[in-house]
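Below is one structure; the comments refer to it alone.
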Amino acid sequence: MGIICITGASSGIGRATAFHMARLGWKIVACGRREERLEELVAAFPKQVHPLVFDVRDRAAVEAAFASLPPEFSAVEVLINNAGNAHGLDPIQEGNPDDWDAMMDINVKGLLYVTRALLPILQQQENAQILNIGSTAGKEVYPKGNVYCASKHAVDAINQGLRMDLNETGIRVGAINPGLVETEFSEVRFKGDSQRASGVYQGYQPLTPEDIAEVIAFAISRPAHVNIADLVVMPTAQASSTIIRKT
Ligand code: NDP
Ligand code: 8X3
């Protein structure tokens, strides 16, 4: 088992993936801003987890973080670009430009900064892989989703572009695009309004972060000649961003 770097390992899909992959024996470079959350991972797997605390929006901090990797965690083979969130759910005419900045800076530019900083390391590995966590919001636009959907459509474009540009290197590039997964995502989107956030997942069975962690583990464990290039995973009750069968 090699070394896997997971951004957004402090919560939701990234955290579940970190636990899942650590249990399978991988070493984890666990990234996020909330150090105390990353320390929970370290406590569970002291020899296997190295925390990196930085904000993906801060390019210098991203570069410094990866430059600081100790030798036993420096040969990163797999990058999971997972850090990201929605901020707000408003029509554009009422939208908050600070929310727009956050989504484009974190979901798009942050993903690029991390990828660019790790590529020199990934290019040195025998069987390197990048998995981008997109979204159904990167495949279709829904009302009031505007800028979040734009940021995830950008992830979709970057996933395709990276795969083309890195083709000659042999690095596998793919995306997992989840539908509705119950995490802290809606708490962040609705700025701590827990009631509104939990309402997003009521009346049907949403995906769990572990469901996506298992799909990520499947993608990573394919033989070197198999690349999961672009995969959409939805709850059975979900047919599109707006069609959800509720009881
Ligand atoms: P969570 O809110 O539970 O997790 C988001 C993670 O991103 C946290 O670990 C957070 O860490 C990290 N993060 C956010 N902002 C920054 C930042 N500025 N710098 C560094 N890290 C940051 O949400 P999910 O697990 O649901 O989201 C993970 C990914 O999955 C996102 O890209 C999201 O768009 C995508 N997704 C989610 C779906 C869902 O329904 N939940 C569906 C489809 C895609 P910290 O706050 O500690 O920095
Ligand atoms: C998260 C799923 O439908 O809230 O990307 O945009 S959705």
Find the helices (runs of 4 or more DSSP H) located wholly in segment 179-247 whose residues include 1 or more that are more than 14 Å from ligand 2 (Cβ to nearest atom) and open to solvent by 30 Å² or more (accessible area, probe 1.4 Å), and list them. 194-199, 209-220
Any chance residue 83 is part of a loop (DSSP other than H, G, I, E, B), open to solvent by less than 40 Å² (accessible area, probe 1.4 Å), in contact with a strand residue (DSSP E or B) (Cβ under 6 Å, 6 or more places away or on another chain) and within 28 Å of residue 142 (Cα to Cα): no
Members of segment 93-141 found to be within 16 Å of ligand 2 (Cβ to nearest atom) and either over 30 Å from residue 196 (Cα atoms) or open to solvent by 40 Å² or more (accessible area, probe 1.4 Å) (or both), listed by number: 100, 104, 131, 139, 140, 141
Within segment 74-105, residues touching a residue at least 24 places away in the same chain (Cβ under 8 Å) and farther than 21 Å from residue 15 by Cβ come out as 74, 75, 88, 89, 90, 91, 92, 95, 99, 100, 104, 105
When segment 17-35 is examined, which residues are found to be touching a Phe, Trp or Tyr at 6+ places or on another chain (Cβ under 9 Å) and of a type in the set (Lys, Arg)? 23, 27, 33
Which numbered condition residue 34 misses (of (1) closer than 22 Å to residue 103 by Cβ; (2) surrounded by 15 or more Cβ atoms within 10 Å (Cβ to Cβ)): (2)
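The values are calculated or read from the model by the stated rules, or taken from the named source; none is laboratory data. What you see is a predicted model; the values in this text were computed from it and never measured. Neighbour counts run over all protein chains shown; Cβ positions are idealised from the backbone, glycine included. When the accessible area is computed, the model is the full protein with side chains, heavy atoms only, and any ligands, DNA or RNA have been set aside. Shrake-Rupley method; radii C 1.70, N 1.55, O 1.52, S 1.80 Å.
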